[in-house]
Amino acid sequence: MMEEITSERCRYEATIKKIHGGTRRFGGGRREPGRPPENISAVSAIVIEADTGTALWEKNADEHRAMASTTKIMTALLTIEAGGLDREFTVDPLAILVEGTSMGLRDRVSRRDLLYGILLPSGNDAANAAAVSVSGSIGAFVELMNSRAQELGLSNTHFVTPSGLDADGHYTTARDLAKLAAFAMKNEVFREVAACKSAEVEFGNPPYKRTLYNSNKMLRRYDGAIGVKTGFTDNARRCLVSAAERDGVTLVAVTLNAGDDWNDHAKMLDYGFTKVKAYPLETSCTNRVAVAGTGQSVGVYAQARTLALTPEQRTRIAREVYLPGFVYGSVGRGDRLGEIRFLLDGKVVCACPLLADSAVEADDTEPGFFETVLSKLGIYV
C-alpha cells in the first residue's frame with residue numbers, strides 16, 4: 001500500500017526530469033579522484049558514511065550553528081513515529097499563522113500530507129500543524145524533539161521551534177545533523193517522502209488538490225541523490241543536508257552557513273564515494289539450534305549483506321554470532337533464532353538476523369521460568 005501511495009504522489013517526477021533534460025551534475029569541471037574537496041564555502045560541513053557514521057571529511061563540524069529548516073528532519077521523523085498518518089484532523093488555526101514558507105494549509109489534513117508539506121516545500125505551517133497534532137502544543141512537541149535528540153546521542157543539538165525559524169538557543173552541529181539525517185533515512189516512510197521531487201496532495205474541506213515541489217535541487221542534479229532537506233533564515237543563512245547512494249554506499253553531507261551549497265555538496269559527496277566501498281560480509285553460520293523435547297535441531301542462515309567501509313576499516317571488522325543453546329516449541333522455516341553482529345572498534349555497525357533453515361514440530365506448551373533461563377544460557381557463540 002505504501003508503494004502505491006508513494007508512486008501516485010510522486011508521479012510528476014518523470015515529467016520534471018524531462019524538463020530539466022535528465023540528471024545534471026553540480027560541481028563544474030573535473031576533480032582529481034580521491035583529492036579532498038577544495039574551496040568549500042560553508043562555515044561548517046561534514047560528509048559521513050551513513051551506516052557506520054564514519055566522517056570522511058569535515059570542517060568545523062562540532063561548532064554550534066543555527067540550522068534553519070533542516071530542523072524539519074526531526075519534525076518529520078517524530079510525526080512518522082507518532083503513527084496515524086492517514087487519519088485526517090482539524091488544523092489548529094493559530095498554529096499555522098506563521099511566517100515563511102507554506103504548504104497552503106486550510107482546515108483539515110492528514111499527517112501523511114503534512115510530511116510532504118514539511119519535507120518538500122518546507123512548510124512552516126505544516127511543521128507547526130504536525131507539532132500540535134502529535135503533542136497537543138508546540139511547546140510540548142519541542143520537549144519531545146529535545147528528548148529524542150538525547151536518545152539519538154545528539155549532545156550538541158537543542159531545538160526551540162519545530163520549523164527552524166530563528167530563535168535563541170536553537171542550534172546544532174554539522175556532525176549531529178548528519179547523524180540525525182542518517183538515522184531518519186533508515187525510516188522507510190521518511191526516505192520515500194524525502195526522495196520525491198514533487199508530490200500531489202489533497203486536503204481541506206472541501207478537499208482540493210495541490211502539487212508540492214521539493215526545494216532540494218540535489219535530487220534533480222546529482223547522480224544518486226536520495227534526499228534530504230534544505231534550509232534558510234537570515235541568521236542561519238543557507239543550510240543543506242543531502243544524501244546520495246551509489247554501488248551500495250550511502251553518504252550524508254551537511255553544510256551550515258554556505259554561500260555555494262549545491263557545489264559544496266557535489267564536491268563532498270564525490271570525494272566521499274572515492275573513500276569507501278561496499279564489501280560483502282561473512283554471513284555464513286554452521287551452528288545448529290536444538291529444539292527441546294524433539295531430539296532434533298535446525299540450522300540457520302542469514303541473507304547476504306554488504307557494509308560500506310574504508311579499506312583500512314575492513315581489517316578491523318569483528319564478527320559475533322548470537323544463538324540460544326536450544327529453543328522450546330515448534331520452529332518454522334524462516335523464524336528468527338539469533339543474529340550475527342558486526343563490530344567496528346567494538347561498536348555494533350550491522351546486525352544480520354539468523355533464520356531457521358527448516359521446520360520442526362514440537363510441544364508448544366509455554367516453558368516455565370527455569371526452562372526460559374536455561375534457553376538463554378550460552379546465547380553468545
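Just so you know, all these numbers are worked out from the coordinates, no wet-lab data involved. Owing to the predicted nature of the structure, the values given are computational and were not obtained by experimental measurement. Cβ placement follows ideal geometry from the backbone for every residue including glycine, while neighbour counts extend to all protein chains displayed.
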Relative to a virtual label point 7 Å from the Cα of E99 in the Cα→beta-carbon direction, which members of the stretch 210-235 show backbone nitrogen distances below 20 Å? 231-235
Which translational diffusion coefficient, to the nearest whole µm²/s, is obtained for the chain from the Stokes-Einstein equation, given a Kirkwood hydrodynamic radius over C-alpha pairs, 20 °C and 1.002 mPa s? 94
Find the relative contact order for the stretch 2-275 and round it to a whole percent, using C-alpha pairs within less than 8 Å whose residues are 6+ positions apart. 29
Measure off 7 Å from each Cα along the Cα-to-Cβ vector at R336 and D168, then give the distance between these two points in nanometres to one decimal. 4.7
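Give me the extension gain from D223 to D107: residue separation times 0.36 nm, minus the current Cα-Cα distance, reported in nm with one decimal.
On the way: separation 116, 0.36 × 116 = 41.76 nm, distance 3.88 nm.
That works out to 37.9 nm of additional length.
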Can you give the angle from 0 to 90° between the axis of helix 124-135 and the longest principal axis of the chain, with both taken from C-alpha atoms, to the nearest 10? 40
Choice from K72, K186, K277 with maximal GNM fluctuation in the chain (Cα, 10 Å cutoff): K186
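Please give the contour-minus-distance gain from E63 to N146: 0.36 nm per residue of separation, less the Cα-Cα distance, rounded to one decimal in nm.
Values: separation 83, 0.36 × 83 = 29.88 nm, distance 1.83 nm.
Length difference between fully extended and current span is 28.1 nm.
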With each pseudo-label sitting 7 Å past Cα toward Cβ, what's the S155-Q303 distance in nm, one decimal? 3.4
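May I ask you to sort V276, V228, V132 by Cβ crowding, counting other Cβ atoms within 10 Å and putting the fewest first?
Working: V276 25, V228 31, V132 19.
Lowest count first: V132, V276, V228.
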At 0.36 nm per residue, and after removing the present C-alpha to C-alpha distance, how many nm does the segment from T315 to T286 gain when stretched out fully? 8.1 nm
